Amino acid sequence: MYRYKPLSLIHFISNNALWFYEQTRYTMSEICIDSINRPDKKSIKIQLSSNGDASYYLNKHTYTVKYPLLDDISDIPDSIAIIPFVGTLQPVAWATNSQFKVPILDEKLNSNLRKVQMGYDTILPDVNIRDAPSIEVNNIIETRPPNGDVESGLLFSGGVDSTASYLGHFEEKPILIAIKDGRLNELKWNWREQYLNKLAQKHGNKVELIECDHNNWLDYSLLNYRFGHLTNRSFWAAGMYGLAYTALTAPLMYKYGAERLYQAGGFLSDKTFPTNQPFLIEPFSWSGMETKIDGVDQTRQEKISIISNNKVSDTVLIDTCTNDIPLSCCKCEKCFRTILGFIAEGQDPSNYGFDADFNMLDEFQQWVESGRIHLKYNSSVRVWEEIQQRMGTETLPHGYDRDNDFLPWFKKIDFGDFHRERNKMSLKNKIFLSIPSPANLFIYNLLRG
Ligand SMILES: [Zn+2]
C-alpha cells in the first residue's frame with residue numbers, strides 16, 4: 001500500500017526504526033506481569049509489559065481468562081489466579097532467554113519450575129533452555145487449598161486418548177474440563193459442548209469450561225520461524241500446549257479443592273520426543289494439586305480396545321478429526337486411522353460417531369492407492385502397523401464383511417512407504433534464519449506491519 005506513496009513509506013520505516021531502537025536498547029529481554037485483576041466474578045485479567053526480544057512474541061499486553069460456569073472466583077488467591085498466565089509465558093521466556101517477572105506465585109509451583117525447565121532441556125536440547133533465567137517472584141505464598149468433595153479433573157477433548165482416560169477413571173467422576181481458546185470454530189465447539197454435557201449428565205460428572213482467546217496471545221508463526229527447525233514440529237505442539245492447558249485449570253481446580261488433574265497423552269515410545277512428556281508436565285503442580293499425564297504406556301489401539309470393550313458407557317463418541325467440522329469428516333488420515341482401529345476390534349465405527357459404512361472401505365482403498373495418504377510421524381506408521389496386526393484374519397465386523405479382497409490387500413500395505421520425515425523448511429523461514437537476530441525479528445515485524 002506504500003508503493004505509490006514514498007513519503008508514507010519513509011514515515012512508516014522511520015517509525016518502525018524508532019520502535020526497533022526502543023526495543024533493543026535494553027540489554028535484558030523481559031516479560032513482566034505488572035498486575036492481576038478481576039474484571040468480574042468469573043474472569044481473571046493480567047496486564048503485561050515486555051522489553052527486548054520477548055516483545056516480538058507477545059501479540060497483546062492484556063490477557064483474560066474466563067470460567068463461565070463457576071459462580072464466583074473472586075475468593076481465589078492471586079498466587080493461584082496467576083498460574084494460567086505463567087503456564088503460557090514461562091516457556092516463551094525460557095526459549096527467548098528472557099527474564100520472567102511476576103508479582104506473586106504459589107510456593108510449590110515456584111519451587112517446581114526448575115524441574116519443568118530441565119524437562120524442556122531434555123525435549124528441546126537445541127533451544128538452550130537450561131541456562132535461561134529462573135522466574136523472579138516478588139511475593140511467594142504458601143497457598144492453603146480448600147477441602148473439596150471432587151477428587152479429580154480431566155482435560156477432555158473427546159478424542160481417543162481423553163475418552164480412554166475418562167473410562168479409566170470413571171468411578172472417580174472427574175470434572176470434565178473443556179477449553180475454548182479460539183482454535184475451534186463455533187460449529188465444532190458447540191457440538192463438543194453439547195456432547196460433553198450429554199455425557200456428563202448421563203454419568204454424573206461436573207462440566208467446566210475455560211474461555212480465553214489464547215490462540216491470539218502469542219505470535220505462534222514467529223515462534224515456529226524461530227524454533228520450528230530445532231523442534232521438528234510446531235513450537236505449540238512440541239512444548240507449549242501441555243503446560244498451557246494444565247495451567248489454565250488452576251483456578252477451577254482450586255475452587256473445587258480437587259487433588260489431581262489428568263491430562264491424557266498419546267503413547268510414548270520415545271522418552272525424549274518433544275511433546276507432553278510426564279517429566280515435563282507433571283512437575284507443573286501447585287499447592288494441594290498433582291498433575292498426571294495419563295495413558296502414555298498404552299498404545300492408541302489398546303485405548304480403542306478399552307473404549308470398545310467398556311461396560312460403563314454406551315454414550316461415548318470419538319471426536320478425533322483434524323478438520324474443523326463437528327465430529328468427524330471420515331476422509332482425513334486420523335479419521336481413517338480411527339475407523340480402521342474400531343473395525344480391527346470388531347466394532348462398527350458408526351456406533352462411535354463416524355458416518356461410515358461398507359463403502360468407506362472402498363474410499364479408504366482409493367485414498368491409499370492414489371498416494372494421498374501422508375504420515376508425518378513414525379509414530380503414525382506404528383499405529384497403522386498395529387491395526388494391521390489386530391485386524392482379524394477371517395472376517396470383518398458385521399456390515400463390513402462383504403468384500404473378501406479387502407483384508408489381504410490391507411495386510412500387505414507397507415505404511416512406512418507413506419512416511420515423510422517433515423515438510424521442507426519454507427524459503428521464508430530459511431531467509432528468516434539467515435538474517436542475524438534481532439534484525440530478522442525487526443524485519444518480520446516490519447513486514448507484518
Ligand atoms: Zn477427519
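The values are calculated or read from the model by the stated rules, or taken from the named source; none is laboratory data. Everything numeric in this text was worked out from a predicted model, so none of it was measured. Neighbour counts run over all protein chains shown; Cβ positions are idealised from the backbone, glycine included.
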(message) Going by what's in this entry, would Leu69 be described as surrounded by fewer than 20 Cβ atoms within 10 Å (Cβ to Cβ), over 18 Å from the mean Cα position of the chain (by Cα) and within 18 Å of Ser29 (Cα to Cα)?
(response) no
(message) So for region 260-282 (the condition being within 16 Å of the ligand (Cβ to nearest atom) and assigned by TED's automatic domain parsing to the domain that holds Ala200), does at least one residue qualify?
(response) no
(message) With surrounded by 23 or more Cβ atoms within 10 Å (Cβ to Cβ), more than 18 Å from the chain's Cα centre (by Cα) and not small (Gly, Ala, Ser) as the only criterion, which of Leu58, Leu105, Leu113 stands out?
(response) Leu105
(message) Out of Ser380, Ser313, I need the residue that is touching a Lys or Arg at 6+ places or on another chain (Cβ under 8 Å) and surrounded by 18 or more Cβ atoms within 10 Å (Cβ to Cβ). Which one?
(response) Ser380
(message) Among the residues that make up region 236-247, is at least one of them within 23 Å of Asp126 (Cβ to Cβ), of a type in the set (S, T, N, Q) and out of contact with any His (no Cβ under 8 Å at 6 or more places or on another chain)?
(response) no
(message) Here is a check on your reading of the model: is Ile339 part of a loop (DSSP other than H, G, I, E, B), among the aliphatic types (A, V, I, L, M) and within 16 Å of the ligand (Cβ to nearest atom)?
(response) no
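Condition test on Thr231, is it modelled with pLDDT under 95 and either in the same structural domain as Tyr377 (by TED's automatic domain parsing) or out of contact with any Lys or Arg (no Cβ under 6 Å at 6 or more places or on another chain) (or both)?
Yes; evaluated as a whole, the condition is true for this residue.
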(request) Quick one: in region 414-443, of everything that is more than 30 Å from Met28 (Cβ to Cβ) and of a type in the set (D, E, K, R), which residue is modelled with the lowest pLDDT? (result) Arg422
(message) Which pairs turn up if I take residues in region 42-62 that are closer than 22 Å to Phe235 by Cα and look for partners that are β-branched (Val, Ile, Thr) and assigned to a loop (DSSP other than H, G, I, E, B) with beta carbon separation below 9 Å, at least 6 apart in sequence or on another chain?
(response) Gly52/Thr27; Gly52/Thr96; Asp53/Thr96; Ala54/Thr96; Tyr56/Thr96; Tyr57/Thr96
(request) Restrict the check to region 84-103 and report whether at least one residue is in a helix (DSSP H, G or I) and more than 26 Å from Trp217 (Cα to Cα). (result) no
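Just checking, does region 298-318 include any residue being among the charged types (D, E, K, R), closer than 24 Å to Asn190 by Cα and within 16 Å of the ligand (Cβ to nearest atom)?
no
Here's the yes/no breakdown for (1) within 16 Å of the ligand (Cβ to nearest atom); (2) on the phi < 0 side of the Ramachandran plot; (3) within 22 Å of the chain's Cα centre (by Cα); (4) among the aliphatic types (A, V, I, L, M):
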| position | (1), (2), (3), (4) |
| --- | --- |
| Glu333 | yes, yes, yes, no |
| Pro349 | yes, yes, no, no |
| Gly353 | yes, no, no, no |
| Pro397 | no, yes, no, no |
| Phe406 | no, yes, no, no |
(message) Regarding region 319-328, can at least one residue be identified that is more than 15 Å from the ligand (Cβ to nearest atom) and in contact with a Pro (Cβ under 9 Å, 6 or more places away or on another chain)?
(response) no
(message) Every residue in region 179-221 that is of a type in the set (Phe, Trp, Tyr) and in contact with a Phe, Trp or Tyr (Cβ under 7 Å, 6 or more places away or on another chain), please.
(response) Trp217, Tyr220
(message) Out of Ser234, Ser221, I need the residue that is closer than 22 Å to Asp53 by Cβ and touching a helix residue (DSSP H, G or I) at 6+ places or on another chain (Cβ under 6 Å). Which one?
(response) Ser234
(request) Six or more apart or on different chains, Cβ under 6 Å: which pairs go from a residue in region 303-332 that's within 22 Å of Ala200 (Cα to Cα) and among the polar types (S, T, N, Q) to one that's more than 16 Å from the ligand (Cβ to nearest atom) and not in a loop (DSSP other than H, G, I, E, B)? Could you list them? (result) Asn310/Leu167; Thr315/Leu199; Thr315/Lys202
(message) Against the conditions (1) within 25 Å of the chain's Cα centre (by Cα); (2) touching a residue at least 60 places away in the same chain (Cβ under 8 Å), where does Ser29 fall short? Just the number, please.
(response) (1)
(message) Can you list residue pairs whose Cβ atoms sit under 7 Å apart, with the first residue in region 430-444 being part of a loop (DSSP other than H, G, I, E, B) and the second being among the polar types (S, T, N, Q)? Count only pairs 6 or more apart in sequence or on different chains.
(response) Pro438/Thr24
(request) Exactly one condition in (1) touching an Asp or Glu at 6+ places or on another chain (Cβ under 9 Å); (2) surrounded by fewer than 17 Cβ atoms within 10 Å (Cβ to Cβ); (3) closer than 16 Å to Pro91 by Cβ is not met by Thr231; state its number. (result) (2)
(request) Starting from region 118-138, keep only residues that are touching a residue at least 12 places away in the same chain (Cβ under 8 Å), then list their pairs with residues that are charged (D, E, K, R) and in a helix (DSSP H, G or I) whose Cβ atoms are within a distance under 7 Å, requiring at least 6 positions of separation or different chains. (result) Ile129/Asp121; Arg130/Asp121; Ser134/Arg114
